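Notes follow the structure.
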Amino acid sequence: MYMGYGDGSALMRTSNFHEKSKNEGDKRVRTILHCDANSFFASCETAIRPEYASVPMAVCGSVEERHGIVLARNELAKKYGVTTAEPVWQAKQKCPSLVTVRPTYGLYSEMSEKMNKIFYDYTDRVEPFGIDESWLDVSGSFKLFGSGKSIADSIRKRIKEELNITVSVGVSFNKVFAKLGSDMKKPDATTVIPCERFVPIVWPLPVSDLLFVGSSTQRSLNRIGVYTIGDLACCDEKVIRNNLGKNGILLREFARGNDRSEVTVSGYEPTPKSVSNGMTFRENLKTGEDISFAVTYLSMSVAERLRRHKLCCNNISVTVRLPDLTSFSHSAPLSHPTCLYSEISKAALSLVYAKKAFWEEIYSVTVHAEKLTVEGDFGYQQKLFPEAWEQKYAKSHSLEAAVDSIRERFGRSAVKIASAIDNRLV
Ligand SMILES: [Mg+2]
């Protein structure tokens, strides 16, 4: 699923596709997999509610809001012609019996994490691309797990058995063609594009199938007579440069199979400037209990991410969206830096209530941790005579850090806030 980046040039700038391999002289043929979950949101919902498997079903933004579009649909809905990103009313015209489900974002990130965990059993070189896709460099995994194709097949089988969802896998010698391969056969299939035989497989395909060729790039290419990936590969360098600039030259290299960008080694996460978590819950938040649950739920992951980066925040803000889609933000400084969910949620909650005059029900809420500083900068841990709050802080910190390590070992669902179990909001 490659969506929403326009012509892809912004994504190309921010990704590592411009970079050359560190070992430029290294001409070894690599084996790269691109794994892409099929109808991911719909599959996740079906994995926990098997009754959806036998009916046409679509995960949609809420029907009454302007976000009433189809985010994902299952194979049965697809047979009725229901497509991703179409308005719900239109989908229901095509398929009156369509069952619509609101998205459960917490579930998707949990499934995504589990999927990536399976990938790590085969290689430590995993680069997630969005929530339901990842590249894997398995060049070093042959001895243990066999060829690229057999690794791909084994991954598909495990994800199907363990998570109840299907993936399509492309196997090739670079990231761009691996991605292309995962789009060629769906659902639940492996497509191999080998180095020595890529031309008859890849070149006849429409140029828009190539990663980063969005609709505006496609129009520019069509204008100079480039319709297939083969046309692009054989296009005159001057013509490409004059019409599409440097990115055009890069795309031509991709078409020729010359993408040397590496699968980013796992574990790398740039230090964030602020950490936020927001969610539209399954129902509008009405009661005090609802709101306190929502804010605590969001604050937990904000705090966890702060701790992972060894950061504290000095400012909290909340953005609240109302059912009429108007929104307001409110922020306040904290009395001391923190990375504790108990303190973050308390501050966020009082910000929401400080604006109580503005709302009766809440559609979505986002908690932002801002003005980040390095944890321990203020030295509460090292003091000989800590103040009472500092002692309390240190105690809570070790408790929350313990929860982090349990989750790291046993998965996110190992420790949940009690109110999250069977809560109708998530
Ligand atoms: Mg997908």
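The values are calculated or read from the model by the stated rules, or taken from the named source; none is laboratory data. None of these values were measured; they are calculated from a predicted model. Positions of Cβ are backbone-derived with ideal geometry, glycine not excepted, and every protein chain shown enters the neighbour counts.
A few notes on this one:
- Only one of the listed residues (S139, S112, S154) is of a type in the set (G, A, S), touching a Ser or Thr at 6+ places or on another chain (Cβ under 7 Å) and surrounded by 15 or more Cβ atoms within 10 Å (Cβ to Cβ). That residue is S139.
- Any helices (runs of 4 or more DSSP H) falling wholly within the range 207-288 and containing at least 2 residues that are loosely packed, with under 14 Cβ neighbours inside 10 Å: 215-223, 237-255
- Qualifying residue in the range 138-150 (condition: within 16 Å of the ligand (Cβ to nearest atom) and within 20 Å of V263 (Cα to Cα)): no
- Selected residue [part of a helix (DSSP H, G or I) and not basic (K, R)] from V169, V199, V192: V199
- Scan of the range 336-354 for residues that are crowded, with 20+ Cβ neighbours inside 10 Å and not in a helix (DSSP H, G or I), ordered by number: P337, T338, C339, L340
- In summary, helices (runs of 4 or more DSSP H) completely within the range 22-116 and bearing 1 or more residues that are within 15 Å of the ligand (Cβ to nearest atom) and at pLDDT 90 or above occur at 40-48, 75-79.
- Inspection of the range 192-207 finds a residue satisfying the criterion of being in contact with a Lys or Arg (Cβ under 9 Å, 6 or more places away or on another chain) and under 30 Å from A47 (Cβ atoms).
- Single residue of V126, V167 found to be in contact (Cβ under 8 Å) with a residue 40 or more places away in the chain and within 13 Å of the ligand (Cβ to nearest atom): V167
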